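Enquirer: Input: one structure, supplied below.
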Amino acid sequence: MTNESKWAIGGAIKDPKSITAQWNPSNLSLIDGVKVKEVKNVVKNNGFLTEIYRQDWELDNLTVDQIFQVSLLPGGISAWHAHEITTDRIFVNTGLIKVVLYDAREESPTYGQINEFRCGALRPLLIIVPPRVWHGVQNFTNEHAALLNIVDKAYQYDDPDHWRIPLDSPEIPYKFS
């Protein structure tokens, strides 16, 4: 009889390691072409400053052609979508949002892989989403949330580079909850 059996409730499962001593995810294998930059808040005597994107971070060498904000009501989900040629750079600037990526590129070494990120102002991340990687976002709180998207190719009103499938598509093995 282990010490655990004296106090653990039947069916309890121990958490796996999820973070390193440096507070980096320990088990996150990124989808090919996805890049993540943790951004530090700079505390000032009147609030705080957060850099969102800098070319000298050398995450990519792409242009910035458009920046837009997406607002999500509590529980709001926007999924699934992908772009054939556009790269997204997603930054959550208000509230908490789950960003989920799915690699459906058959030629990719990470084909079939999912990445899930929980992002917000307390621990900001810039997530680079390459073309043809499906993505969805969810406000998983009871407060308003918003993200900025810094794209390399502006939305083309006459010929959008925007592909969609339904939120509950069986083509993507992920369910938002």
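Values quoted throughout were computed directly from the atomic coordinates according to the rules given, and no laboratory measurement underlies them. Values in this document were obtained by computation on a predicted structure and should not be read as measured data. No Cβ is skipped: glycine too gets one built from the backbone with ideal geometry, and neighbour counts run over all protein chains shown.
Enquirer: Could you work out the relative contact order of the chain? I mean the mean sequence separation of Cα pairs under 8 Å and 6+ apart, divided by the number of residues, in percent.
Expert: 30
Enquirer: Taking the Cβ of each residue in 88, 60 as the centre, tally the other Cβ atoms inside 10 Å and list the residues starting with the fewest.
Expert: 60, 88
Enquirer: Still on this structure, I have one more. From the helices alone, meaning DSSP H stretches of at least four residues, give me the mean residue ellipticity at 222 nm for the chain, per-run term -39500 (n - 2.57), in deg cm²/dmol to the nearest 500.
Expert: Working: 1 runs with 4 residues, N = 177.
The helix-only estimate for the chain comes to -500 deg cm²/dmol at 222 nm.
Enquirer: Next question, about the same structure. Could you line up 98, 14, 153 from fewest to most neighbouring Cβ atoms inside 10 Å?
Expert: Numbers: 98 21, 14 6, 153 15.
Listing 98, 14, 153 from fewest to most nearby Cβ atoms yields 14, 153, 98.
Enquirer: Mind giving me the nanometre distance, one decimal, between the label points for residue 8 and residue 116, set 7 Å out from Cα along Cα→Cβ?
Expert: 2.2
Enquirer: Quick one: length gained pulling residue 52 to residue 177 fully straight, 0.36 nm per residue minus the C-alpha distance? Spell out each step's value before the answer.
Expert: Numbers: separation 125, 0.36 × 125 = 45.00 nm, distance 2.79 nm.
Between residue 52 and residue 177, full extension yields 42.2 nm more.
Enquirer: Among 46, 131, 145, pick out the residue whose Cα is farthest towards the positive end of the charge dipole of the chain, where Lys and Arg carry +1 and Asp and Glu carry -1 on C-beta, about the Cα centre.
Expert: 46
Enquirer: Also, quick follow-up: Give me the dipole magnitude in Debye, nearest 20, for the chain about the Cα centre, with unit charges on the beta carbon: positive for Lys and Arg, negative for Asp and Glu.
Expert: The dipole magnitude comes to about 900 debye.
Enquirer: For the stretch 84-129, what is the relative contact order in percent, using Cα pairs closer than 8 Å and at least 6 residues apart in sequence? Could you put the intermediate results ahead of the total?
Expert: Working: 67 pairs, mean separation 23.7, N = 46.
Averaging sequence separation for qualifying contacts and normalising by length gives 51 percent for the stretch 84-129.
Enquirer: Continuing with the same structure: Students often get this wrong, so try it: which of (1) 39; (2) 48; (3) 44 is percent of Cα pairs over 23 Å apart as calculated from the structure shown?
Expert: It is the one labelled (2).
Enquirer: What full-extension length gain, to one decimal in nm, is calculated for residue 38 and residue 62 as 0.36 nm per residue of separation minus the Cα-Cα distance? Show your work: numbers first, answer last.
Expert: Values: separation 24, 0.36 × 24 = 8.64 nm, distance 1.92 nm.
Contour length minus the Cα-Cα distance gives 6.7 nm.
Enquirer: Please enumerate, by chain and number, the lysines with C-alpha under 16 Å from the C-alpha of residue 14, excluding those fewer than 8 residues away in the same chain.
Expert: Candidates past the 8-residue exclusion: 6.
Enquirer: Using a 10 angstrom cutoff on alpha carbons, build the Gaussian network for the chain and name the most mobile of 62, 72, 167.
Expert: Result: 62 has the largest fluctuation of those listed.
Enquirer: So the label point goes 7 Å from the Cα of residue 141 along Cα→C-beta, right? Which residues of the stretch 102-119 then have their backbone N under 17 Å from it?
Expert: Within reach of a label on residue 141, which here means backbone N under 17 Å from a point 7 Å along Cα→Cβ, the stretch 102-119 contributes 117-119.
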